[in-house]
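Novice: First the structure, which I've put down as structure tokens, then a few questions once you've had a look.
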Amino acid sequence: MAQKFEEQAQVRKQMQIADNIFDLTLQTQEIAKHAKAGQFVSLYCKDGARLLPRPISLCGIDQKEGTIRLVYRVAGKGTKEFSGLKEGDTVSVLGPLGNGFSLRNGRAFLIGGGIGIPPMLQLAKECSEKQIILGYRSEPFLLEEFQEQGEVFVATEDGSAGTKGTVLDAIRENGLTADVIYACGPTPMLRALKAFAAERGMECYLSLEERMACGIGACLACVCQTKEKDAHTNVNNRRICKEGPVFDAREVEL
Amino acid sequence: MNTSVNLCGVTLKNPVMTASGTFGSGEEYSEFVDLNRLGAVVTKGVANVPWQGNPTPRVAEVYGGMLNAVGLQNPGIERFCQRDIPFLRQFDTRIIVNVCGKSESDYCEVVQRLAEEPVDMLEINISCPNVKEGGIAFGQDPKAAERITKAVKRVARQPVIMKLSPNVTDITEIAKAAEAGGADALSLINTLTGMKIDIERRSFVLANKTGGMSGPAIHPIAVRMVYQTAKAVSVPIIGMGGIMTAEDAIEMILAGASAVSVGTANFTDPRATEKIIAGIEAYMQTHQVEDIRELVGAVNG
């Protein structure tokens, strides 16, 4: 069992990098040492009226510095609270949580959509033979950092940058091919990628998102439907926070 | 200083247990909490066969609380007996199995299956607001509550705790009916039915539309209901509902609870149970309470 750590992490820096999107670097004791791409952490609010931890995926892991980087969207009052954290402040963090990505052999598509883009950055640093496809609504963020890691193709819903449309439109327009897909993003995108991978006989690993409560596999809030009966739950669903968030697309029903 | 309590012949080393559904069968939380410290682990509800549960989203946060509509997903009693009971047996804590069902015979099947298992007590969930059949239907009508209690008691080998719903006009009526049916103890309160609407999407946040509300916002309601019920029945009461701190737990005990369950607090702090136990001990020391039992129902006036 991978070890989890509960820490009071210190804020090293935070800045806003796009509309409602924040980039937070936390100094940790143990979490950074043990984390891998595709895992997430739970951040706890200071306001006692907000009870549930916020699961946020790791955008960066610096083992030497002992820091983790979280790029998140302000989606409600909890993330609003985090967006006010300043250098030197502390925040309660639990992690690393979930399974993370496991790299396979072959040429890879690294695909991120919306706020599913940040977790692909750490993977991009670890994956050698890759093409990166990023889908934005409009304004791109983290784009330069991805470009430092390899060839990047952009799709935007409004056509303001790259291909107008979805990440699949960008793949088709540029005639891209690969052996394996790693992706994180909204469910419609993941559903389309699952179908695309099945059609082309590609391996496909998807990072799923769901409302969570405990974050450690006890409460059964964040399940996804599975094709086969799951060993733990004994029914056709699996815990995203524990066995996921990354699943083989063939295993899950989206 | 004595922190141990006796619930219908079963001794707990302290009055703090976990609230069903928030702690699984303890395995996940055992990374954070020494289960040996707990008075008891109350497991997530288990039925005669596996239940898939509700569609997602199953949880939503609300101010000072949360809504859940997990829908009693569980692996079924066979898997539970093979895996969860042996896991819990490794620890020096009491095992209380929460039992759910859609019909009287479902409940009885589980209770019978547990007869020969090394579990200390049974908690019968007749108060889940998130399943269409069974669950709360047994907990909202005194006659139905008495009938299901009697049926379960006939086949149970362990003491039976009936877990009551606050979603009733008068919880003492249901409590009295459960007592008349032979309940050895009562757990209260289960969650209050709530709803949350996303005003941007104009849609329900929970796939189930409604969910059970828990958390500190419901604590005063739970304290009131424990107080009223303690006055109305003579069986011991396990108090729960929004206990976040030792102070909340002591309040519940003063209202008349012999033991308490900690639920939503586990999500806010995985070590909440142990902290609450330590806090109760500290309170007893500060207030020179020799025996925790002195505090049960000891509110003045």
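Each value in this text was obtained by applying a stated rule to the coordinates, not by laboratory testing. Predicted model, so just to flag it, every value in this text is computed and none were measured. For neighbour counting, all protein chains shown are included, and Cβ atoms are generated from backbone atoms with ideal geometry for every residue, glycine included.
Novice: When the Karplus curve 6.51 cos²θ - 1.76 cosθ + 1.60 is applied with θ = phi - 60°, which whole-Hz ³J(HN,Hα) does each residue of segment A:13-22 get, with x for Gly and Pro?
Specialist: 6, 8, 8, 8, 10, 7, 4, 6, 10, 10
Novice: While we're here: Normalised by the number of residues in chain B, what is the relative contact order in percent for Cα pairs under 8 Å and 6+ residues apart?
Specialist: Relative contact order for chain B comes out at 20 percent.
Novice: Sticking with this structure for a sec: Diagonalise the Cα gyration tensor of segment B:161-301 and give the resulting equivalent ellipsoid semi-axes, square root of 5 times each eigenvalue, largest first, whole Å.
Specialist: Each semi-axis is √(5λ); the values are 28, 21, 11 Å.
Novice: Would you work out the Kirkwood radius for segment A:5-97? I mean one over the mean of 1/r across all pairs of different Cα atoms, in Å. Spell out each step's value before the answer.
Specialist: Values: mean 1/r = 0.0777 Å⁻¹.
After inverting the mean inverse Cα-Cα distance, the result is 12.9 Å.
Novice: Take each of the peptides B:112-121, B:243-252, average the number of other beta-carbon atoms within 10 Å over its residues, and list them starting from the highest.
Specialist: Taking the mean over residues of other Cβ atoms within 10 Å, the ranking is B:243-252, B:112-121.
Novice: Which order results if B:VAL99, B:VAL5 are arranged by neighbouring Cβ count within 10 Å, fewest first? Don't jump to the answer; show the numbers that get you there.
Specialist: Details: B:VAL99 29, B:VAL5 24.
Lowest to highest Cβ neighbour count: B:VAL5, B:VAL99.
Novice: Taking the Cα centre of chain B as the origin and placing charges on Cβ (Lys, Arg +1; Asp, Glu -1), which of B:GLN158, B:LEU114, B:ASN130 is farthest toward the positive end of the dipole?
Specialist: Final value for the positive-end residue is B:ASN130.
Novice: Also: Let me confirm one metric for peptide A:204-211, namely the mean number of other chain beta-carbon atoms within 10 Å of its residues' beta-carbons.
Specialist: Mean partner-chain Cβ count within 10 Å for A:204-211: 2.
Novice: Please compute the Kirkwood hydrodynamic radius over segment A:108-253, one decimal place, Å, based on all pairs of different Cα atoms.
Specialist: The answer is 15.7 Å.
Novice: Here's something else I'd like to know. Taking the alpha carbon gyration tensor of chain B, what are the square roots of 5 times its eigenvalues, largest first, to the nearest whole Å?
Specialist: The answer is 26, 23, 20 Å, longest axis first.
Novice: Placing unit charges on C-beta atoms (Lys and Arg positive, Asp and Glu negative, everything else neutral), compute the dipole magnitude of chain A about its Cα centre in debye, rounded to 20.
Specialist: Dipole about the Cα centre, nearest 20: 560 debye.
Novice: I'd like to know which of B:ILE280, A:TYR72, B:THR172 lies farthest towards the positive end of the charge dipole of the protein assembly as shown, counting +1 on Cβ of Lys and Arg and -1 on Cβ of Asp and Glu.
Specialist: Working it through, the farthest residue towards the positive pole turns out to be B:THR172.
Novice: Taking beta carbons within 10 Å but only from partner chains, what does the mean come to for residues A:42-49?
Specialist: 3
Novice: Right, next: Per DSSP H run of at least 4 residues, take -39500 (n - 2.57); add these up for the protein assembly as shown, divide by its residues and hand me the 222 nm value, nearest 500 deg cm²/dmol.
Specialist: Value at 222 nm, helices only: -6500 deg cm²/dmol.
Novice: How would you rank A:ASP230, A:ASP179, going from fewest to most other Cβ atoms within 10 Å of each one's own Cβ?
Specialist: Starting with the residue having the fewest Cβ neighbours, the order is A:ASP179, A:ASP230.
Novice: Could you state the number of Å between the C-alpha centres of segment B:205-238 and segment A:150-217?
Specialist: Using only Cα atoms to place each centre, the spacing works out to 45 Å.
Novice: For segment A:39-86, state the average projected area of the convex hull of the C-alpha atoms over all orientations, rounded to one decimal in nm².
Specialist: 3.7
Novice: Considering the dipole of segment A:108-253 built from charges on the beta carbon (Lys and Arg +1, Asp and Glu -1) around the Cα centre, which of A:LEU206, A:LEU143, A:CYS222 is farthest to its positive end?
Specialist: A:CYS222
Novice: Tell me, what is the Rg over Rh of segment A:41-188, with Rh the Kirkwood radius over Cα pairs?
Specialist: Across segment A:41-188, the Cα-based Rg/Rh ratio is 1.00.
Novice: Restricting to Cα pairs below 8 Å that are 6+ residues apart, what does the relative contact order work out to for segment A:5-97? Please round to a whole percent.
Specialist: Here the relative contact order equals 42 percent.
Novice: Return the equivalent ellipsoid semi-axes of segment B:1-119 as a descending list in whole Å, where each equals the square root of 5 times an eigenvalue of the C-alpha gyration tensor.
Specialist: 24, 20, 13
Novice: Taking 20 °C and 1.002 mPa s as the conditions, I'd like the Stokes-Einstein D for segment A:102-145 in µm²/s, using the Kirkwood hydrodynamic radius from alpha carbon pairs. It would help to have the intermediate numbers written out before the result.
Specialist: Working: Rh = 10.9 Å.
The diffusion coefficient I find is 196 µm²/s.
Novice: Can you pull the three principal axis extents for the Cα set of chain A, in Å, largest first?
Specialist: 49, 44, 32
Novice: If you average 1/r over all unlike Cα pairs in the protein assembly as shown and invert the result, what Kirkwood radius do you get in angstrom?
Specialist: Over the protein assembly as shown, the inverse of the mean reciprocal pair distance is 24.5 Å.
Novice: What is the distance in Å between the Cα centroid of segment B:114-158 and that of segment B:275-301?
Specialist: Here the two parts' Cα centres lie 31 Å apart.
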